[in-house]
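Note sheet for the following structure.
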Amino acid sequence: MADLTYWLALVVTILNYATPLLIAAIGVLIVEKSGVLNLGVEGMMIVGAMVGYIAGSYLDTSSCALMGFDGVTCLQWEGTLTIPGYIASFLLAGLAGAALASLFAVMTQMFGANHVATGLGLTILGLTVTNGFGPDAKDMRVESVANLLPDSWVALPTVGRLLGTDLLTVLAFLSAVAALYFLNRTRVGMLVRAAGENHYAAHALGYHVRLIRVGTILFGGFMAGVAGAYISLVQLEAPTWREGMTAGAGWLALALILFSTWRPLRVVLGALLFGLAFSLELRLQSLEWMPSWGVQFVLPSLPYLVPVLVLVIISRNAAMIRANQPGSLAQPFNPSS
Amino acid sequence: MIRLLPAKGGHWSGALVSILIATLATVIISAGLLALLTDKPMRTLWELLTYTSQGGTPAVQWGKAAAEGMYLAVIALGLSVGYKAGVWNIGAEGQFAAGAIGAYLFWLALGTPTTVAVLPLLLIGGVIGGMVWAAIPAGLRAHLHTNELLVSLMLVYVATNLLTYLVQGPVQGCAPALDAAGNQVGCIPYSPAQSDKLPESLRFGPLIYGVSPRSGALIGTKIHSGLLVLGGAYLALAAVLLFTLIGFRLRVAQSSAKAERFAGFSTAATIWLSFLISGGLAGLTGAVFLMSESFSLTVGGAFLSNLGFAAIVIAFLGRLHPVGILFAAFAIAYINAGASWVASQPELRADDSVAGFIEAIALFCALATAALSQRRLVWKKEGPAHG
């Protein structure tokens, strides 16, 4: 059983589940590094999932027409996302996430509303919006997502499955490295950290704390939207839309940041660990010795129990958390007082 | 330019004014949204707000709002205790499920009795179920410093899975299968899966009946005796919070951890108290729901109707105050019932998501005005960064 194909399949499944968590978590990381706690990730993700799916089902044929093909050729394309359509769908999903995030930005940065309450409200709003339009989106159809690598590579035995992983998976891992570079080596990254560590100090130095935060909040929304669209367009066998399909992935992304103690490379490690928890369900449910309560209760709950467990372990080391936690995270900011 | 500065001190009338502004803004934005979502916005809004007199039986329609309002109010009041002290239990949905499971398992453990005498035990089972589920994030927070917000939320998914597993396995009920002669020869599991129903004697029956306008027959409303239990629990906790020393200490806890310690209350005690109260009330509501509306456990997604999540909104809409929460709960429940009424009217072509939208709009208006009421608008000619 445990041959190369088996292990490769496991790796592919882990990467598949880790990708959206990683994308969303990198967004959360930058947001929290600037001192903002946005609990609306789940809401922005589900909206991204829906918008990505709707965009995908509209763009399949229209992008074909835009590229100058005739109607007959385009009919063959129906239900298949082309690469421009694929990119556009993800961009639109990201923009939808950012649009929702802008509401959070206005509430917390302009009105000074409570971060926790507003974030929870954003999640509830996102779930509500998608419940409303869910039934309409279900009627649409996106059959398969274009692969960015040549078909002949993907058709290779064994390694083909790994090569068939989505380009976004690669980008997700690169984004973690980019976040590390951004936060530690760029001027804007330093400003983001300054705003998060001590907003009054940053303000006194003449930096525009609120502007920096609006920027990171919008970025976080964009990443959450893209992560959501990955779930609806790429993660499953065929693109699917279902109400509530993100199933807590946004919360897992937030848990991931706590696990990582705000360090980008540990976010990658955590995403792989959480991805493993998801893939164990598929891998272990066929084992014969597994009791029915294991298959029906423990395995489906693993993606939620594993984060709880790692949070408990991490939280015991309070010093490590304090060393990296942004000092002004979710603190009220009144520069004029 | 206009600048927002923190206001010094506050007066209760300011809170009322901001609530009024929030309500007004909600109505205006909701009307605008209805104009986008439906063909006949004004008629939809009118029928939504007056649905109790739009056909059907008024008493029945009022009953729907009253029952849901009571569930929401009780869960939200429990949550508000922790929210005031900065203890974030957002897993009331899971504690609600655990309460229903607890009540049902108590009934099984007692040997499936049919006597009404065990009814209080079932309610206790619900409270214990909710408390056990809430004790996990509470204990992890109080003693291992684990983020209680995320843990309580994760446990919602686990509770949903537990419910589904139970009704598909250990407690799955079945309907008797009869042979040609009418003798019971076996049992066919229910599909979709659900547990056996509680006996009639352990169900909360309607207190108020409505008269059907068409047939003149009596129809039971959702105003059932279980609401008295919940109402009693609400009043008891509200009285404790408003008039006793414990309530005062919890209010002190919200201002700062230091003040909390001076008041003779440890942070760990606040966490435990907040979670046990909110979990216990969510569990009690779950048990009452089981005994008055569903009568049997069903798979997770079918049993839970987001009451635990909606209650978070209610707690904030009510400004974490016992009186405010009561008003917010019944207002939102009324809008929910009205929205499902207009959604059922084919000529209005309104989606049943209307209620959710109004709920979200109300929440954001309330949060914005609550934040604004703690600030004052100042007119300044020029705004240097350090104004």
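At-a-glance table
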| item | result |
| --- | --- |
| Test for residue A:227: is it crowded, with 24+ Cβ neighbours inside 10 Å and either more than 12 Å from chain B (Cβ to nearest Cβ) or touching a Pro at 6+ places or on another chain (Cβ under 9 Å) (or both) | yes |
| Unique residue being in a loop (DSSP other than H, G, I, E, B), modelled with pLDDT of 80 or more, small (Gly, Ala, Ser) and touching a strand residue (DSSP E or B) at 6+ places or on another chain (Cβ under 7 Å) when the list is B:292, B:305, B:296 | B:296 |
| Count of residues meeting criterion [out of contact with any Leu (no Cβ under 9 Å at 6 or more places or on another chain), closer than 25 Å to residue B:155 by Cβ and at the interface with chain B (Cβ under 8 Å from one of its Cβ atoms)] in region A:306-336 | 1 |
| Residue in region B:331-352 that is within 9 Å of chain A (Cβ to nearest Cβ), in a loop (DSSP other than H, G, I, E, B) and either of a type outside the set (Lys, Arg) or buried (at least 24 other Cβ atoms within 10 Å of the Cβ) (or both) present | yes |
| Tally, over region B:62-99, of residues that are within 14 Å of another protein chain (Cβ to nearest Cβ) and polar (S, T, N, Q) | 2 |
| Test: residue in region B:11-20 that is within 24 Å of residue B:306 (Cβ to Cβ), surrounded by 16 or more Cβ atoms within 10 Å (Cβ to Cβ) and within 25 Å of the chain's Cα centre (by Cα) | no |
| Some residue of region B:187-195 being of a type in the set (A, V, I, L, M, F, W, C) and assigned to a strand (DSSP E or B) | yes |
| Cross-chain or 6+ apart pairs with Cβ under 6 Å, region B:152-169 first and more than 7 Å from chain A (Cβ to nearest Cβ), then of a type in the set (D, E, K, R) | B:156/B:93 |
| Filter result for residue B:56 (more than 16 Å from residue B:326 (Cβ to Cβ) and either within 14 Å of chain A (Cβ to nearest Cβ) or modelled with pLDDT under 80 (or both)) | yes |
| For residue B:305: the one exception among (1) within 14 Å of chain A (Cβ to nearest Cβ); (2) buried (at least 18 other Cβ atoms within 10 Å of the Cβ); (3) within 26 Å of residue B:327 (Cα to Cα) | (2) |
| Residue in region B:345-360 that is at pLDDT 75 or above and closer than 30 Å to residue B:240 by Cβ present | yes |
| Flag if residue A:12 is in contact (Cβ under 8 Å) with a residue 12 or more places away in the chain, surrounded by fewer than 24 Cβ atoms within 10 Å (Cβ to Cβ), in a helix (DSSP H, G or I) and of a type in the set (A, V, I, L, M, F, W, C) | yes |
| Residue check, residue A:302 surrounded by 23 or more Cβ atoms within 10 Å (Cβ to Cβ), at the interface with another protein chain (Cβ under 10 Å from one of its Cβ atoms) and either in contact with a helix residue (DSSP H, G or I) (Cβ under 8 Å, 6 or more places away or on another chain) or outside any helix (DSSP H, G or I) (or both) | no |
| Search result, residues across region B:170-184 that are more than 10 Å from every other protein chain (Cβ to nearest Cβ) and not polar (S, T, N, Q) | B:171, B:173, B:174, B:175, B:176, B:177, B:178, B:179, B:180, B:181, B:182 |
| Filter pass, residue A:53 being modelled with pLDDT under 90 and under 14 Å from residue A:90 (Cβ atoms) | yes |
| Subset of region B:206-224 (residues that are out of contact with any Lys or Arg (no Cβ under 6 Å at 6 or more places or on another chain), in contact (Cβ under 8 Å) with a residue 24 or more places away in the chain and assigned to a loop (DSSP other than H, G, I, E, B)) | B:208, B:212, B:213, B:221, B:223 |
| One residue from B:185, B:211 being farther than 22 Å from residue B:111 by Cα, of a type in the set (Val, Ile, Thr) and under 31 Å from the mean Cα position of the chain (by Cα) | B:211 |
| Where a residue in region B:171-198 is modelled with pLDDT under 80 and its partner, wherever it lies, is not in a strand (DSSP E or B), with Cβ under 7 Å and at least six apart | B:185/B:179 |
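The values are calculated or read from the model by the stated rules, or taken from the named source; none is laboratory data. A quick note: this is a predicted structure, and the numbers were derived from the prediction, not measured. Note: ideal-geometry Cβ built from the backbone for every residue, glycine included; neighbour counts use all protein chains shown.
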